Amino acid sequence: MTPVTVFQEKTVALFGLGGSGLATALALKAGGAGVQAWDDNADSLARAREAGIETRDLREADWSGFAALVLSPGVPLTHPEPHWSVRLARDAGVAIIGDIELFCRERRAQAAGAPFVAITGTNGKSTTTALIAHVLAQAGRDVQMGGNIGTAILSLEPPAADRVHVIEMSSFQIDLTPSLDPSVGVLMNITPDHLDRHGTMEQYAAIKERLIQGAGLAVVGIDDAPSRAIADRRGADLVRVHVPHGDVLCTDALTVREGIVRDVDGTALADVNGIGSLRGAHNWQNAGVAVAVARALGLSPEQIQAGLTSFPGLPHRMEEVGRRGHVLFVNDSKATNADSTEKALTAFRDIHWILGGKAKEGGIFPLVPYFERVAHAYLIGAASDAFAATLEGAVPYTRCETLENAVPKAAENAAASGAPEPVVLLSPACASYDQFRNFEIRGNRFRELVQALP
């Protein structure tokens, strides 16, 4: 835990008692603050009381006595409309902050300058966060990884001069961190997302930019227009990361081309070819960013390469779960829409593709240009009829209804295909909840079925 001492002997209101909210309340108490916490969920309130947290309906509280409102990032701050706790705080002139803001204040108070890497972006931030943490840990660094990737930041060990915090940040978390000042700030990319919570694309991009503005060193992927503009505004203390497409090549960036990470002057820094967990151009960007961050934190080229090579990847994100003979099995259950599945289809050939579930708007029509990579498709779940119509005449397919039917059928056909490395790929391009409660359960079931094959 990181005890939060910056509100010692003051009282703080807290709304949202999920995992990070409970950790925040305990960290504030450990640092000597009074906490009055609330949640709209009765089970969350009960867990907080069992943990010794004082709960109180904040609609009935005297807000003049609160030093701050600590808000869960899942609670609307501005759109579609401010939560009632936000309105009460604003009416009382009480600052509204999040748990990462508490960490930032504690870091400045107790260990100013302690290494802190913050990563954001619409896509790829979880993999990049895990990759950076892995590379640093393999080199012997004391690494604490958390934030949006899973572990609440205040559940981690406190900041220290010889300890690196590697923290994934969503736009919601950035919005609640007004004094965000990481040693290294990473912006992967920006595409439209969460506009129901931010109002406009411009506002969403502006929130992402705040992470870069406060960073000592900025590392920015420049392969989309909003991120390029942010990099141009940043100017100094900046590393641009570029994955060229076609003949377009940025000459003032760290580039990743054909799997080779090269410095601005063309010097080869790392090679990600043959690393199964870093297949595909989207993972090349992740690797390029990780190289830039690791270099900035003092790692040698040999340490960086060793870390990249040993990276196991994240579960359910193009995760290699096994081989049977020459057949590779890949769990990409996290791909819940066509945009995510596109990345997997571009990374492989001779694909035996398991797809389906509860379809998103647009279905798989955007994936038609990649159908030539697919040897056979295996349809499961509610989207089967719609997907069969798109595949008709372009890709052979089998209606399997369930994952239990699809995996052995795909394994059998792939083994008999004669291709040098056929791939059985679960990349559903669909939400899971017609047959599974979430994508993790779906991916775990795929792994179990693969491991049960003869």
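The values are calculated or read from the model by the stated rules, or taken from the named source; none is laboratory data. From a predicted model like this one, the values you see are computed outputs, not experimental measurements. Note that we place each Cβ from the backbone using ideal geometry, even for glycine, and neighbour counts take in every protein chain shown. Protein only, heavy atoms only, side chains kept; ligands, DNA and RNA dropped before computing areas. Shrake-Rupley method; radii C 1.70, N 1.55, O 1.52, S 1.80 Å.
Does the range 363-386 hold any residues that are touching a helix residue (DSSP H, G or I) at 6+ places or on another chain (Cβ under 6 Å) and of a type in the set (A, V, I, L, M), and which are they?
To start, the set of residues in the range 363-386 that are touching a helix residue (DSSP H, G or I) at 6+ places or on another chain (Cβ under 6 Å) comprises 363-367, 370, 373, 376-380.
Hits for the range 363-386 are Ile364, Leu367, Ala377, Leu379, Ile380.
One residue is enough: does the range 379-399 have a residue meeting the conditions modelled with pLDDT under 95, of a type in the set (D, E, K, R) and over 14 Å from Asp350 (Cα atoms)?
No - not one qualifying residue is present in the range 379-399.
What single numbered condition from (1) within 20 Å of the chain's Cα centre (by Cα); (2) among the small types (Gly, Ala, Ser); (3) over 13 Å from Met188 (Cα atoms) fails to hold for Ala290?
(3)
What's the number of the only condition in (1) at positive phi; (2) touching a helix residue (DSSP H, G or I) at 6+ places or on another chain (Cβ under 9 Å) that Lys343 fails to meet?
Of everything listed in (1) at positive phi; (2) touching a helix residue (DSSP H, G or I) at 6+ places or on another chain (Cβ under 9 Å), Lys343 misses just condition (1).
Does Leu355 qualify as being in contact with a helix residue (DSSP H, G or I) (Cβ under 8 Å, 6 or more places away or on another chain), assigned to a loop (DSSP other than H, G, I, E, B) and open to solvent by less than 60 Å² (accessible area, probe 1.4 Å)?
Spelling it out, it is not the case that Leu355 is in contact with a helix residue (DSSP H, G or I) (Cβ under 8 Å, 6 or more places away or on another chain), assigned to a loop (DSSP other than H, G, I, E, B) and open to solvent by less than 60 Å² (accessible area, probe 1.4 Å).
At least 3 residues that are outside the structural domain of Phe371 (by the TED database) and open to solvent by 30 Å² or more (accessible area, probe 1.4 Å) in each: list the helices (runs of 4 or more DSSP H) lying fully within the range 235-352 that qualify. So that I can check it myself, show each step before the final result.
Numbers: elements: 281-296, 301-309, 338-347.
Helices (runs of 4 or more DSSP H) meeting the threshold: 281-296, 301-309.
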